[in-house]
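Worksheet: the structure to be examined is printed underneath.
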Ligand SMILES: Cc1cc2nc3c(=O)[nH]c(=O)nc-3n(C[C@H](O)[C@H](O)[C@H](O)COP(=O)(O)OP(=O)(O)OC[C@H]3O[C@@H](n4cnc5c(N)ncnc54)[C@H](O)[C@@H]3O)c2cc1C
């Protein structure tokens, strides 16, 4: 059995930012389902929003609310925006390199449904730049240990207090991790869908475990479809064509090469217009024409997208590419408060897996990295402040619990069956919530 002060499940941006904001005297264990770099945080292309100055507050707030169909939690939105500059400064201090102009000032770009340019970026690999830097910093910390290829399959809980997790290591051995505090940072649910831009191993495990243990979930039917993923018939993750391409001038066209929608409307509106156009034309995709951006801008701002499309036989500086909408982001998730605490004691949830209501029914582009970073830091601060309480709580409720025996329970013998069960639990919950809202 392993023990730690805090166990964090996942190794994306939310997990790493939580770990780095915990004090160095705390023993922190990060466990992650695949290699540490295999997560959606590494895939983020477009960028990360920030409040440029006080004059942009109202507009940033309104853009976020409008994109979310005003179903957002206003308090979460306010916290995210007002803390954005602080966390960007943290990232820069840790060594993250954002694009700058010739005078050395930060450069900003724009994406769909943003009224102003307020997105920081690093070419079209912003997520990789941020997350690889945080991962490097975490690996330098003696108090943070990372175990790769370790899949959480359950938690151990007594009287609504989380005492740690149960997982399967790379050799298929089931093991318990005893921890005073547990943090879910397991990302999205794209692996449950046929067409998704997410990694296939992101399958909503934390949400399924919550359903099993009566931990509250929120807005489970709020699933975002991204309008522009590269069209493919192959099995696997769909390659995303960042919204900032449309922000910089790319146009959506039907088979007659005619525009049919205003490109910078919120994602769900654009995705629905594409679905309608595909149905009207009886086609499996529409076209995205990036040539209006210009070759020079394409090569400097979107080199990764350029290379990926070229691999598929399309030169985006000269011709349109086939695109289709795909599942992209999960606005719903494990219900948390403003400090990312779940409805179970000693248990937090951060990043895409959590839901504090910030995105409402639809996420504004480039708000998710920001949300993950702001609220993971808040989780770390609260865990630190309440650590004595959590330690006492875990000791009291954990007395007499045989962790080894818990991990050896028969229900964990058939992992394939467990996986199928979890998948069904989450998809059924999404459907149930959708029906409830109708
Ligand atoms: C292609 C793409 C482009 C994007 N572009 C942008 C963008 O430009 N700007 C923006 O703001 N957002 C963007 N997003 C969204 C953003 O990247 C994600 O919402 C964010 O990175 C999620 O971070 P996270 O830490 O919550 O989860 P992730 O980074 O996905 O990490 C989840 C982690 O949990 C682990 N895990 C999952 N289940 C288990 C388990 N059972 N046991 C152990 N470990 C587990 C995974 O292995 C992984 O390490 C993009 C997303 C995609 C897919």
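Readers should treat all values here as calculations from the given coordinates under stated rules, not as data from a laboratory. Please read these numbers as outputs of a predicted model, since none were measured by experiment. FYI the Cβ positions are ideal-geometry reconstructions off the backbone, even for glycines, and counts take in every protein chain you see.
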May I ask for the distance between the Cα centers of region 182-234 and region 269-310, given as a whole number of Å?
-> 24
Pick from 254, 89, 73: which residue has the top mean-square fluctuation in a GNM of the chain where Cα pairs under 10 Å get a spring?
-> 89
Potential extension, residue 402-residue 139 segment - 0.36 nm per residue separation minus Cα distance = 91.5 nm
Would you kindly state how much longer the chain becomes between residue 276 and residue 412 on full extension, computed as 0.36 nm times their sequence separation minus their alpha carbon distance, in nm to one decimal?
-> 44.5 nm
On a 0 to 90 degree scale, rounded to 10, what angle separates helix 126-140 from the longest Cα axis of the chain?
-> 30
0 to 90° range, to nearest 10: angle between helix 368-385 axis and the chain longest Cα axis | 20
Overall form of region 1-84 per C-alpha gyration tensor (a/c, 1.5; a/b vs b/c) | prolate
Counted neighbours (other Cβ, 10 Å), sorted fewest up, put 103, 129, 62 in the order 103, 62, 129
Which value, in Å³ per residue, describes the convex hull spanned by the Cα atoms of the chain?
-> 141
In cubic angstrom, how much convex hull volume per residue do the alpha carbon atoms of region 226-328 span?
-> 95
Using just the helices of the chain, give the 222 nm mean residue ellipticity in deg cm²/dmol: DSSP H runs with n ≥ 4 each add -39,500 (n - 2.57), and the total is spread over all residues, rounded to 500.
-> -11000 deg cm²/dmol
How much of the DSSP beta bridge set in the chain is antiparallel, as a percent to the nearest 5?
-> 60
When 3, 64, 174 are ordered from fewest to most other Cβ atoms inside 10 Å of their Cβ, what list results?
-> 3, 174, 64
FRET efficiency for residue 419 and residue 173, Cβ-Cβ distance as r, R0 = 30 Å, nearest 0.05?
-> 0.95
How long is region 103-242 along each principal axis, judged by its Cα atoms, biggest number first, in Å?
-> 53, 40, 31
Taking a point 7 angstrom from the Cα of residue 389 along the C-beta vector, which residues in region 322-364 have backbone N less than 14 Å away?
-> 337-348
For region 59-208, what proportion of DSSP beta bridges, expressed in % and rounded to the nearest 5, is antiparallel?
-> 100
For residue 57 and residue 123, compute 0.36 nm times the residue count separating them, minus their Cα-Cα distance, and round to one decimal in nm.
-> 21.2 nm
Distance in nm between label sites at residue 259 and residue 70, each 7 Å beyond Cα in the beta-carbon direction?
-> 2.8
For region 296-358, what number results from the quotient of the Cα radius of gyration and 2.2 N^0.38 Å?
-> 1.84
For region 285-438, shape from the Cα gyration tensor axes a ≥ b ≥ c, cut at a/c of 1.5 then a/b versus b/c, turns out prolate
Correct semi-axes for region 140-199, from √(5λ) of the alpha-carbon gyration tensor and rounded to whole Å with the largest first, are 23, 17, 14
Going by C-beta contacts inside 10 Å, put 221, 402 in order with the fewest on the left.
-> 402, 221
